[in-house]
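A.B. asks: After the structure tokens below, expect a handful of questions from me.
Where a number appears in this text, it was derived from the coordinates with a stated rule and is not lab data. Everything quoted here is computed from the prediction, not taken from an experiment. Every residue, glycine as well, gets a Cβ built from its backbone with ideal geometry; the counts of neighbours run over all protein chains shown.
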Amino acid sequence: MIGFLGSTYLWVKAAHLIFVIFWMAGLFLLPRYLVHHQEALGTPEAAKWAEREALLKRMILTPSIGIVWLLGLTLAANMGLFDGAPGLGWLHAKLLLVVALSGYHGWAVSYSRKLAAGKAPIPSRTLRLLGEVPALAVILIVVLAVVKPF
């Protein structure tokens, strides 16, 4: 796939994948931090978990999601997504999952703020189950991107 990116296509794709890995690492880690933070509420350890979460968000999650979206949309445009190119049903489905995963990212960041304020509206068991959402999403996204079933 050359498109308007020309010889830089593979470099853009590689950078996209690198930042997807960073983003996913953060999304795998943050929910575990949230569980530990929630279980530490009311103790001095809770403040340390809030600091860890803030650092993770500032250093990994926030920059990564922005770069993933920027490079991903550039690659999608290069493939002709916005020009109505045929055969990109898999990409539409992938983008839908990435939008959902971005929403999950926003929810996790929001929940982190609630915990920092001393509120824990979700039971720990449910919170642990919600921590598996990124794994399920990445499985589907990778299958769509590699297999391109439709």
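A.B. asks: Label THR62 and PHE82 with points 7 Å out from Cα along Cα→Cβ: what is the distance between them in nm?
C.D. replies: 2.6
A.B. asks: Right, here's the next one. So what's the gap between the Cα centers of region 108-123 and region 124-138, to the nearest angstrom?
C.D. replies: 15
A.B. asks: Also, quick follow-up: Need one word for region 106-150: rounded, prolate or oblate. Basis is the Cα gyration tensor (sqrt eigenvalues a ≥ b ≥ c); a/c below 1.5 gives rounded, then a/b vs b/c decides. Don't skip to the end; give the middle numbers.
C.D. replies: Details: a/c = 5.59, a/b = 2.79, b/c = 2.00.
Taking the square roots of the gyration eigenvalues as a ≥ b ≥ c, region 106-150 is prolate.
A.B. asks: TRP11 to LEU97: FRET efficiency via 1/(1 + (r/R0)^6), r the Cβ-Cβ distance, R0 22 Å, to the nearest 0.05?
C.D. replies: Numbers: r = 25 Å, r/R0 = 1.12.
Using R0 = 22 Å, I get an efficiency of 0.35.
A.B. asks: Translational D (Stokes-Einstein, µm²/s) of region 30-101 at 20 °C and 1.002 mPa s when Rh comes from the Kirkwood sum over C-alpha pairs? Let's see the in-between values first.
C.D. replies: On the way: Rh = 14.8 Å.
My calculation gives 145 µm²/s for D.
A.B. asks: What are the residues whose amide H is under 5 Å from the amide H of GLY80, where those residues sit 5 or more places off or on another chain and H is modelled from the backbone?
C.D. replies: none
A.B. asks: Let me ask something else about it. Tell me, rounded to the nearest percent, the portion of alpha carbon pairs in the chain spaced more than 21 Å apart. Before the final figure, lay out the partial values.
C.D. replies: Values: 5476 of 11175 pairs.
Percent of Cα pairs beyond 21 Å in the chain: 49.
A.B. asks: Here's another thing I want to ask about it. In nm, to one decimal, how far is the modelled label at ALA135 from the one at LYS148, with both set 7 Å along Cα→Cβ?
C.D. replies: 3.0
A.B. asks: I want to make sure I understand the PRE zone here: with the label point 7 angstrom from the Cα of ARG52 toward its beta carbon, which residues in region 75-113 have backbone N atoms less than 15 Å away?
C.D. replies: 112
A.B. asks: I'd like to know which of ILE60, VAL109, VAL147 lies farthest towards the positive end of the charge dipole of the chain, counting +1 on Cβ of Lys and Arg and -1 on Cβ of Asp and Glu.
C.D. replies: So the residue we want is VAL109.
A.B. asks: Enumerate the helices in the chain for which the Kyte-Doolittle hydropathy averages 1.6 or more and the C-alpha atoms extend at least 20 Å along the helix's axis, using complete DSSP H runs.
C.D. replies: Numbers: long enough: 9-39 (45 Å, 0.93); 62-79 (26 Å, 1.38); 89-116 (41 Å, 0.57); 133-147 (21 Å, 3.29).
Result, helices passing both filters: 133-147.
A.B. asks: Where is the GNM fluctuation largest for the chain (alpha-carbon springs, 10 angstrom cutoff): ARG32, ARG125, ARG52?
C.D. replies: ARG125
A.B. asks: Counting pairs of alpha carbon atoms under 8 Å apart in space and at least six apart in sequence, what relative contact order in percent does the chain give?
C.D. replies: Details: 118 pairs, mean separation 54.3, N = 150.
Reported relative contact order: 36 percent.
A.B. asks: If you stretched the chain out fully between LYS114 and ARG32, how much longer would it get, using 0.36 nm times the residue separation minus the C-alpha to C-alpha distance?
C.D. replies: Working: separation 82, 0.36 × 82 = 29.52 nm, distance 1.54 nm.
Extending this stretch completely gives an extra 28.0 nm.
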